[in-house]
Amino acid sequence: MQSTLICLFAGGHILLEGVPGLGKTLFFNTLARATSVGFRRISFAADLLPKDVIGIEKFDADTKEVELVVKGPLHTNILLADELNRARTSSKGSVLEPMEEGQVTTELGGTYKLGDMFMVVATQNPVETEGTFDLGRAEKDRFLMMVRIAYPKPNDEVEILYRYGAVREKPLVKPVMTEQEILTSRKTILEQVHVDLAAPG
């Protein structure tokens, strides 16, 4: 997916709109394996709590400090936030804040910085709207791109079944990049690619 690679090397996040079963999880899991980075998936729901995303904290009464004792799935490189629009505000904030700030702050006052290579891939189902909470304009602005994914064409579906219909294990993926190479590419793009925002004429 070309749009995903653009976001990956530009250091942005991507919002995908499409029905379940189109291979989104497999694709991003494969991308993470091909780039030697961490991958985690969170299935968002109305009852999801911030601690399910961030992890479990411990408050030390003697030092008055908060410590993260169990890291949640947020602490990774590529995070698949599946059906993000099903989460309530507090849980969504656990993902949206680090997208902008590179860190997350908890209700207990703990602040945890994420790695430089952090990318959120969020999905939303355009068909089932019951029990969902629309992303606001400011929330959508956290994403570099929004891409709609449609069903494959009939000929493509036949080809997919022909190639992978009997596959029971994940195909072997040979890494072609590392996390450091991605960060170096981002720096090079930032330094050498100029975007002129001036109005024409």
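Return yes when ASP82 is charged (D, E, K, R) and closer than 28 Å to ARG33 by Cα and no when it is not. Yes. The criterion of at least 3 residues that are within 28 Å of ALA45 (Cβ to Cβ) and among the hydroxyl-bearing types (Ser, Thr, Tyr) is met by none of the helices (runs of 4 or more DSSP H) falling completely within the range 110-196.
Taken over the range 146-180, the criterion of being open to solvent by 50 Å² or more (accessible area, probe 1.4 Å) and either on the phi > 0 side of the Ramachandran plot or touching a strand residue (DSSP E or B) at 6+ places or on another chain (Cβ under 7 Å) (or both) is satisfied by MET146, ARG148. In this structure, does ALA32 turn out to be open to solvent by 50 Å² or more (accessible area, probe 1.4 Å) and within 27 Å of MET177 (Cβ to Cβ)? Here the answer is no, as ALA32 does not meet what is asked.
Restricting the first member to the range 1-23 and to residues that are without any contact (Cβ under 8 Å) to a residue 12 or more places away in the chain and farther than 18 Å from ARG86 by Cβ, and the second to residues that are of a type outside the set (Val, Ile, Thr) and in a helix (DSSP H, G or I), the beta-carbon pairs closer than 9 Å and six or more apart or on different chains are LEU5/LEU31.
Looking only at strands (runs of 3 or more DSSP E) that lie completely in the range 1-91, which have at least 2 residues being more than 20 Å from LYS140 (Cβ to Cβ) and touching a strand residue (DSSP E or B) at 6+ places or on another chain (Cβ under 9 Å)?
Numbers: elements: 14-17, 39-43, 55-60, 65-71, 78-82.
So the answer is 39-43, 55-60, 65-71.
The values are calculated or read from the model by the stated rules, or taken from the named source; none is laboratory data. These figures come from a predicted structure and were not determined experimentally. Because the Cβ atoms are built from the backbone with ideal geometry, glycine has one as well, and the counts that use them run over all protein chains shown. Ligands, DNA and RNA are excluded from the accessible area calculation, which covers all protein heavy atoms including side chains. Shrake-Rupley method; radii C 1.70, N 1.55, O 1.52, S 1.80 Å.
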